[in-house]
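These notes concern the structure reproduced below.
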Amino acid sequence: MTRIVFLGSPAEALPALHAAHRTFEVALVVTRPDRPRGRSRRISPGPVRQAADTLGLPVAQPDDADDLYRHLREAEPFDAGLVVAFGMILRPEVLRLAPHGFLNLHFSILPRWRGAAPVVHALLAGDRRTGVSLMSIDEGLDTGPVGAVTSVAIAPDDDAGTLTARLAELGGRLVGEVVPAALQGEVVFVRQPEAGASLAPKIAAADTRLDLTQDADLLVRRVRAFAPRPGAFVVVAGKRLKVLRASACPGSTEPGTLDLAEDGVPVLGTGRGLLRLERVQPEGKRPMSGAAWARGVRDLPARVDVSGETPGIR
């Protein structure tokens, strides 16, 4: 049986991990170190570590590139590596360890959205379709040749969470249906064209603040792109209010003006149109409907901070 190492960290890597476990001998699962999670900030293992433990697979959690190389050398021999949202660039000496190379499941239709946040950028751009590419890793940033692509329509109500979950399931199917043939040399990997290439860099926390001078339709895209985590936000009375679901509606008022629609849903003035806050999360509290949050707000209409220092971000 083909012997592989699996490298992945977040929940979207789980369908691929389970497919790999069914299909190959997994010599080692490599994932990022345990870190603080949840509201308690207690140090706990990530989704891939938990799944690997349940499956009885050996696990390594390297702190840096040197540690990663050491763990992989100790796992030799193995035929190939499979990478899904691992979160660490593989150095050339690592890539040379696998006779059949390292394959990556990338959540975009390459060469569009190379980089750390392809799903977020597809939603920000208003793309109608995206997908999963099976790529052979080279020394560039998601520039390796592509052996298979599967695509999916982006639904109007998709956010980053729902879309990523669908792509993860598609990726799991590719692992079971295409990766075995690829490792047998039965799949042709084609060099990516540079035409249409675009970058999807990691999103900084400050980037998720909503600029209320923009049009409401564009702000809805940003809400979808950042939901459920880290969450787009506005600043109300000096505190961050995450906006987890929103819609645009006709209307005109000064950007940053907060009022109530007839059905009790809070609406914000923007550069064009109104932004309905359908679901929100106040600072230090659980998610709730916008209407429930608004019932606790005094003195409406009010103003939302349009500019200035963001609480909790330096």
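All of the numbers you see were taken from the coordinates with simple rules; none came from a lab. Because the structure is a prediction, the values reported are computed rather than measured. FYI the Cβ positions are ideal-geometry reconstructions off the backbone, even for glycines, and counts take in every protein chain you see.
Return the tail of the calculated pair distribution for region 3-183, meaning the percent of Cα-Cα pairs more than 23 Å apart.
Values: 6316 of 16290 pairs.
In whole percent, the share of Cα-Cα pairs in region 3-183 beyond 23 Å is 39.
Given the chain, what percent of its DSSP beta bridges are antiparallel, to the nearest 5? Mind dumping the intermediate values first?
On the way: 39 of 57 bridges.
Among the beta bridges of the chain, antiparallel pairing accounts for roughly 70 percent.
Can you compute the radius of gyration and Dmax for region 205-303, using only the Cα atoms, both in Å?
11.9, 33
Taking only the alpha carbons of the chain, what extent do you get along each of the three principal axes, in Å, biggest first?
68, 44, 31
As I understand it, the dipole of the chain uses +1 on the Cβ of Lys and Arg and -1 on the Cβ of Asp and Glu, about the Cα centre. Which of 119, 27, 46 lies farthest toward its positive end?
So the residue furthest toward the plus end is 46.
Take the alpha-carbon positions of region 187-237, form their convex hull, and give its projected area averaged over all directions (one quarter of the hull surface) in nm².
Working: hull surface 25.3 nm².
The Cα convex hull of region 187-237, projected and averaged over all directions, gives 6.3 nm².
With Cβ to Cβ distances under 12 Å as the rule, what net charge do the other residues near residue 71 carry (K, R +1; D, E -1)? Mind showing how you got there, number by number?
Values: positive: 70, 73; negative: 63, 64, 66, 67, 74, 76.
Overall, the nearby charge balance is -4.
Give, as a single signed number, the net charge of other residues whose beta carbon lies under 15 Å from the beta carbon of residue 98, with Lys and Arg counted +1 and Asp and Glu -1. Write out the running numbers ahead of the final one.
Working: positive: 3, 73, 91, 96; negative: 25, 74, 76, 79, 93, 138, 139.
Spelling it out: positives minus negatives among the neighbours equals -3.
Among 48, 119, 188, which comes first, second and so on when ranked by fewest other beta-carbon atoms within 10 Å?
Values: 48 29, 119 24, 188 10.
Ranked by crowding around the Cβ, least crowded first: 188, 119, 48.
Report for region 1-154 the percent antiparallel among DSSP-assigned beta bridges with both residues inside it, nearest 5.
On the way: 14 of 29 bridges.
Roughly 50 percent of the DSSP beta bridges within region 1-154 come out antiparallel.
State to the nearest 20 debye the size of the charge dipole of region 71-123 about its Cα centre, where the only charges are +1 on K and R beta carbons and -1 on D and E beta carbons. Spell out each step's value before the answer.
Values: 5 positive and 4 negative charges, 59 e Å.
Taking the Cα centre of region 71-123 as origin, the dipole is about 280 debye.
What share of all Cα pairs of region 146-235, in percent, falls into each consecutive 5 Å distance bin?
The calculated distribution, bin by bin, is 3, 10, 15, 16, 17, 14, 10, 7, 4, 2, 1.
With a cap of 16 neighbouring Cβ atoms within 10 Å, and only residues DSSP puts in a loop, list the trypsin sites (Lys or Arg not before Pro) found in region 252-298.
Values: sites: 272, 276, 279, 285, 295, 298; in loops: 285, 298.
In loop regions of region 252-298 (DSSP not H, G, I, E or B), the sparsely surrounded trypsin sites (Lys or Arg not before Pro) are 285, 298.
Only four residue types carry charge here, +1 at the Cβ of Lys and Arg and -1 at the Cβ of Asp and Glu. Report the dipole size of the chain about the Cα centre in Debye, rounded to the nearest 20. Can you show the working numbers first?
Numbers: 39 positive and 36 negative charges, 181 e Å.
Dipole magnitude for the chain comes out near 880 debye.
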